[in-house]
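See below for the structure under consideration.
The values are calculated or read from the model by the stated rules, or taken from the named source; none is laboratory data. All values reported here derive from a predicted model rather than from experimental measurement. Cβ atoms come from the backbone with ideal geometry, glycine included; neighbour counts cover every protein chain shown.
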Amino acid sequence: MSSKEKILGRISEALKIKSQLRIIDNSADEKIKSSLKSVTPEKLTDLWSQFKAELEKIAGEYYSFNTEEAAAEFISGVLAELKIDTVSSHSSEMLAAVKERIKEKGIKISDACSLEAGARKQVTAGINASLVSPSFAVADIGQLVFMMDDAETSYPYFLCDNTIAVVKNENIIANQFELFEKAEVEKTKNMFFVTGPSRTADIEKVLVLGAHGPRRLIVINILNK
């Protein structure tokens, strides 16, 4: 008997054995959704309260302001305290008004999207703060969702030590199930998540900050947006 015949014979015998894998329960997703719904706040204000509580558990910071002017004033104060005069950012209609107001305070804006591909990483990595606009905020785990189709570049989100994320008030969602229900399918093919400041202790249990993301994450919710 040839090697080929032996292999085909073993495959044939194996196919006669009933699978030991557990039968997949197709209703599992619906059961999970139902359970989540029972503990999900209905009001936007309550969802933001849940997001804030979860974000602060992982050392993130949350602030809300009624206007863009108030948010810009706060951001300018944070940057002044850190002695930072330049921030990296990306193309975003959401950030336009805030950018204009912090520029009036003497802050320079480095638009990562306008840089040549070769210089984009190097320039952004040399800037200590970024101003970004996530596509969604996930309430039950204090997580930010960035769609690459919206942001065009990922560098400002994880190369700068201090990241300030401005989120639309209505872009809070309850959980990741809702994310995939609301987001455009094509956009979900290229997205990433940020859950709090970056920290790891994988190597000899030594805590390292900023290893694969920002050392400090500030989330700002502008209530009139």
Looking at the range 28-45, I want the residues that are modelled with pLDDT of 85 or more and have a partner that is assigned to a helix (DSSP H, G or I) and surrounded by 13 or more Cβ atoms within 10 Å (Cβ to Cβ) with Cβ atoms under 7 Å, at least 6 apart or on another chain. Which pairs are those? P41/L47; P41/Q50; L44/N169
Per the filter on the range 105-117, residues closer than 13 Å to L131 by Cα and in a loop (DSSP other than H, G, I, E, B) are I107
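Only one of R199, R216 is at pLDDT 90 or above, charged (D, E, K, R) and either within 19 Å of I58 (Cβ to Cβ) or surrounded by 18 or more Cβ atoms within 10 Å (Cβ to Cβ) (or both). Can you tell me which?
Working: R199 fails: at pLDDT 90 or above.
Answer to the check: R216.
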Flag for I141 being surrounded by fewer than 18 Cβ atoms within 10 Å (Cβ to Cβ) and either closer than 21 Å to N224 by Cβ or at pLDDT 95 or above (or both): no
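If only one of A96, A72, A129, A139 is closer than 20 Å to V167 by Cα and either free of Cβ contacts under 8 Å to residues at least 12 places away in the same chain or touching a His at 6+ places or on another chain (Cβ under 6 Å) (or both), which one is it?
A96
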Of (1) polar (S, T, N, Q); (2) surrounded by fewer than 19 Cβ atoms within 10 Å (Cβ to Cβ); (3) touching a helix residue (DSSP H, G or I) at 6+ places or on another chain (Cβ under 6 Å); (4) closer than 20 Å to S154 by Cβ, S88 satisfies every one except (2)
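Determine if the range 9-25 includes at least one residue that is of a type in the set (S, T, N, Q) and either within 24 Å of S133 (Cα to Cα) or surrounded by 14 or more Cβ atoms within 10 Å (Cβ to Cβ) (or both).
No: the range 9-25 contains no residue that is of a type in the set (S, T, N, Q) and either within 24 Å of S133 (Cα to Cα) or surrounded by 14 or more Cβ atoms within 10 Å (Cβ to Cβ) (or both).
Quick check, is I102 outside any loop (DSSP other than H, G, I, E, B) and among the aliphatic types (A, V, I, L, M)?
yes
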Out of the residues in the range 50-81 that are modelled with pLDDT of 95 or more and of a type in the set (S, T, Y), state the one that is surrounded by the most Cβ atoms within 10 Å (Cβ to Cβ). Y62
